[in-house]
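What follows is a short report on a single structure.
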Amino acid sequence: MRAHTKETQSTITPERALEILKEGNQRFVENLSVDRDLLKQMNDTRDGQWPFAGILSCMDSRTSAELIFDQGLGDIFSIRIAGNVVNSDILGSLEYAVKGAGSKLIVVLGHTRCGAVTGACNHVEMGNLTSLLSKIQPAIYEERTILEAEKRTGSNPDFVQKVADINVKRSVKAVIERSMVIEQMIRHGEIGVIGAMYDVVKGTVEFFDDTFVCCERTLNDMFPVTK
């Protein structure tokens, strides 16, 4: 399989980019990954790159986006940070992916059994990690289905997963709210943004359809104007 070119990238819509990732994950789960000549892809991309998607995921060693979505060299931008949180550096990287390099889709990818989310639920404090985990705290406060204090800890897998889901959805909104570049590109129908959750046991990716924003209408649905 050849690496993407400017021409092939230009034909991809946000919806098609999402389908490509879904198809790739299905191949990964079925252990039917495409046979790629990585050396050829390296040579094909030496003078330029045309990735069709940018994926913000956790740094967890089990969550390599290229493998999970069965993609090759030059196919996706992979941005990784513990807890798939959003800061100005992440936003700048995503803006480069879509505005500078032409990617059509941004995916915020969380995962099950996330150590960063577990640490945040346990209120871990350790050097610079303290500041990073504090970015997950709003998702903990937002989770209101489990009310017993003794169950709202990292030792409760159900609570941790509920927080992880909320954290992904909050990150999707943060990407759009905090980047005028990305917000305007969505409004013009140029790109899409979606949240997803990778299951480290099954290998499957569940895309959160209610977070998919790819045009002005869906943008207004996510951020309704209050009168």
### Query
Reported to two decimal places, what Rg/Rh ratio describes segment 94-139 when computed on Cα atoms with Rh from the Kirkwood expression?
1.16
### Query
What's the long-distance tail for the chain, i.e. % of Cα pairs beyond 26 Å?
37 percent
### Summary
Ranked by GNM mean-square fluctuation in the chain (Cα springs under 10 Å), the top entry among Ala97, Ala82, Ala65 is Ala82
### Task
Pop out the ³J(HN,Hα) list for segment 186-196 in order, Karplus 6.51 cos²θ - 1.76 cosθ + 1.60 with θ = phi - 60°, rounded to Hz; leave Gly and Pro as x.
5, 4, 8, x, 7, 9, x, 9, 8, x, 7
### Task
Collect residues whose amide H, placed 1.01 Å from N in the peptide plane, falls under 5 Å from the amide H of Gly192; neighbours closer than 5 in sequence don't count.
Leu105, Ile106
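For Leu73, Leu67, what's the largest-to-smallest order of accessible area, 1.4 Å probe? Spell out each step's value before the answer.
Numbers: Leu73 80, Leu67 115 Å².
So, going from the largest accessible area down, we get Leu67, Leu73.
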### Task
Output the relative contact order of the chain, whole-number percent, from Cα pairs under 8 angstrom with separation of 6+ residues.
21 percent
### Message
Taking the full set of protein chains and a 1.4 angstrom probe, give the accessible area of Ser33 in square angstrom, rounded to the nearest 10.
### Response
60 Å²
### Task
Tabulate in residue order the Karplus-calculated ³J(HN,Hα) for segment 119-134, using 6.51 cos²θ - 1.76 cosθ + 1.60 with θ = phi - 60°, rounded to whole Hz; enter x for Gly and Pro.
x, 5, 5, 8, 6, 5, 10, 7, x, 6, 4, 4, 5, 5, 5, 5
### Query
What accessible area, in Å² to the nearest ten, does a 1.4 Å probe give for Lys135?
80 Å²
## Note on the structure
Under 20 Å by backbone N from the virtual spin label 7 Å along Cα-to-Cβ at Asp209, the residues of segment 1-23 are 13-23
### Message
Based on alpha-carbon centroids, what's the gap between segment 121-161 and segment 44-59 in Å, whole number please?
### Response
32 Å
### Message
Would you calculate the convex hull of the Cα atoms in segment 142-190 and tell me its volume per residue in Å³?
### Response
86 Å³
#### Entry: Theoretical gain in end-to-end length, Arg217 to Thr5 [0.36 nm per residue, Cα-Cα removed]
73.3 nm
### Message
To check my understanding: the extent here is largest minus smallest coordinate of the Cα atoms along each principal axis. What are those three numbers for segment 100-227, in Å, largest first?
### Response
46, 40, 30
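Kindly sort Glu216, Glu143 by accessible area of their heavy atoms, largest first, with the probe set to 1.4 Å. Mind dumping the intermediate values first?
Details: Glu216 85, Glu143 5 Å².
Highest to lowest solvent-accessible surface, that is Glu216, Glu143.
Output needed for segment 1-90: three equivalent-ellipsoid semi-axes, defined as square roots of 5 times the C-alpha gyration tensor eigenvalues, in descending order, whole Å.
21, 17, 14
Only Cα pairs under 8 Å and at least 6 apart count here; give the relative contact order of segment 58-107 as a rounded whole percent. Numbers along the way, then the final one.
Numbers: 22 pairs, mean separation 17.0, N = 50.
Value for segment 58-107: 34 percent.
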### Task
With a 1.4 Å probe and all protein chains in place, put Arg187, Arg46, Arg36 in order of accessible area, largest first.
Arg46, Arg187, Arg36
### Query
So which lysines pass the test for Lys162, namely a Cα distance under 27 Å, with those fewer than 8 places away in the same chain ruled out?
Lys22, Lys135, Lys151, Lys173, Lys202
### Query
Gaussian network model of the chain, Cα springs within a sub-10 Å range: biggest mean-square fluctuation belongs to which of Ile81, Ile194, Ile146?
Ile146
### Query
So which residue, out of Gly74, Gly48, Gly192, gets the largest mean-square fluctuation from a GNM of the chain using Cα contacts under 10 Å as springs?
Gly48
### Query
Along segment 198-203, what does the Karplus equation 6.51 cos²θ - 1.76 cosθ + 1.60 (θ = phi - 60°) give for ³J(HN,Hα), rounded to whole Hz, x for Gly and Pro?
9, 8, 6, 8, 8, x
#### Entry: Distance between modelled label sites at Asp47 and Met126, nm, 7 Å Cα→Cβ extension
4.8 nm
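The values are calculated or read from the model by the stated rules, or taken from the named source; none is laboratory data. Just so we're clear, the structure is a prediction, and the values are computed from it rather than from any experiment. FYI the Cβ positions are ideal-geometry reconstructions off the backbone, even for glycines, and counts take in every protein chain you see. Side chains are part of the model used for accessible areas, which takes the heavy atoms of the whole protein and leaves out ligands, DNA and RNA. Shrake-Rupley method; radii C 1.70, N 1.55, O 1.52, S 1.80 Å.
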